[in-house]
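Nothing in this text is a laboratory measurement; each read-out follows from the coordinates by a stated rule. Keep in mind that what you see is a predicted model, and the values were worked out from it rather than measured. For neighbour counting, all protein chains shown are included, and Cβ atoms are generated from backbone atoms with ideal geometry for every residue, glycine included.
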Amino acid sequence: MTGSPEISAAQIVIEAVRRWRNEGARLIGLCGAQGCGKSTIAEAVRVHFSAQGLTVAVLSLDDLYLPPQTRPVQVHPLFATRGVPGTHDVTLGVAVFDALKAGVRLALPRFDKATDKPLPRKDWPQIAAPDLILFEGWCVGAWPQGDQALVEPVNALERDEDPDGLWRRYANQQLAGPYADLFARLDRLILLAAPGFEVVQGWRTQQEEALRRKLHTEGRDTSGLMDASALTRFIAHYERLTRHILEDMPRHADLTIRLGSERESL
C-alpha cells in the first residue's frame, strides 16, 4: 500500500458511492470515531465526483453544533461540552437536507471549533441542487442504546459527574427522537470502524495539533483549542456512544470499513 492510509478507505467509499448513485441514492452518511479520517475521505469523494462534473455538497455533523449559550445545560452541566446528542441544531440539519434534496439554493452551515461558535451566515458556502450529498460525523446514523446499557457508568466522567445517569439518558433520548428523524433521511450509511476506543485519544490529539498548525499558519487565534488534559476530558464525553457504535452499527450500516491503528483499511 502506498500513500496516505485514508486514501485506501477513500477508494472503497468512492466505489460504493458510485454504485449507490446508479441505484438512485444521493444522501450518504459517513460515521466514524474522532480523528479516523472522515473529513479526509469526504473531501476525496467530493474531489473525485466533482471532477466528473457533479455538484457535491459536504456537511459535517460538527457544523450543526449549537452555540454554547443554547446547549441544554439546564438539563445537565455536561451539555456545556459540544459533541453528544443534544448539542446539535437538528432542526437546522433536517431543513438543510430537505432543501438540498428539493434542489433549493441555500447556505451550508459551518462551525468554528477554534471559537466554539458557528461561523457568521455570510461565510457559509452556497450550493444548489447537488447531485451528491455527503454527511459525515462521529455518531451519524447511530441507534440509541437500550435502557439497561445506560445504568453503569463507562468511565470516571460518568461516575463522578453523572452519577444518576441524567446526562446519558437525555442524550440517548435525543438519539431516539430528533436525531433519528435526521438520520432517517440518509439513503446509505458507511461506518469507518476504529479497532477500538483506545486509539481515539491519539487520533483526536493528532487532529487537534493539525488544526493548531493550520490556525497558526493563517495567523488566527488558537486559544480555544485544547491541551492534553482538556482533550482527555473532552474525549471521555464520547466514550459511551463510540463503544456502542463500534458494537452495534455494523449490523445496520450499508458498508463497514474496518480500520487499523494507522487508519489503514483492513
Based on Cα positions only, what radius of gyration and what Dmax would you give for the chain, in angstroms? 17.9, 53
Can you tell which of A171, L54, T205 lies farthest toward the positive end of the dipole of the chain, using +1 and -1 charges on the Cβ of basic and acidic side chains (Lys, Arg; Asp, Glu)? L54
Dimensionless Rg/Rh of the range 150-266, both radii on Cα and Rh by Kirkwood, sits at 1.01
Give me the dipole magnitude in Debye, nearest 20, for the chain about the Cα centre, with unit charges on the beta carbon: positive for Lys and Arg, negative for Asp and Glu. 720
Quick check on the range 77-233: take the gyration tensor over C-alpha atoms, sort the square-rooted eigenvalues as a ≥ b ≥ c, and tell me if it's rounded (a/c under 1.5), prolate or oblate. oblate
Summing -39500 (n - 2.57) over the DSSP H runs of n ≥ 4 in the chain and dividing by its residue number, what mean residue ellipticity at 222 nm do you reach, to the nearest 500 deg cm²/dmol? -12000 deg cm²/dmol
What number, in percent, do you get for the relative contact order of the range 46-174 if the mean sequence gap of Cα pairs under 8 Å and at least 6 apart is divided by its residue count? 30
For the pair V151/R212, report the inter-label distance in nm, with labels modelled 7 Å from Cα in the Cβ direction. 4.2
Cα radius of gyration and Dmax for the range 178-223 (Å): 16.4, 40
How large is log10 I(q)/I(0) at q = 0.10, 0.24, 0.26 Å⁻¹ when the Debye formula is applied to the Cα atoms of the range 85-175, each weighted equally and without solvent? -0.40, -1.25, -1.36
Simple label model, 7 Å out from Cα along Cβ direction - A129 to S50, nm: 2.0
Please compute the contact order of the chain in relative form: average sequence separation of alpha-carbon pairs under 8 Å and at least six residues apart, divided by the residue count, as a percent. 28
List the lysines whose alpha-carbon lies under 23 Å from that of K113, not counting same-chain residues fewer than 8 positions away? K38, K122, K214
Once phi is turned into ³J(HN,Hα) by the Karplus curve 6.51 cos²θ - 1.76 cosθ + 1.60 with θ = phi - 60°, what whole-Hz value does each residue of the range 154-161 show in order, with x for glycine and proline? 9, 7, 5, 4, 5, 4, 8, 10
Which length gain, in nm to one decimal place, applies between R220 and T91 when the Cα-Cα distance is subtracted from 0.36 nm times their residue separation? 43.4 nm
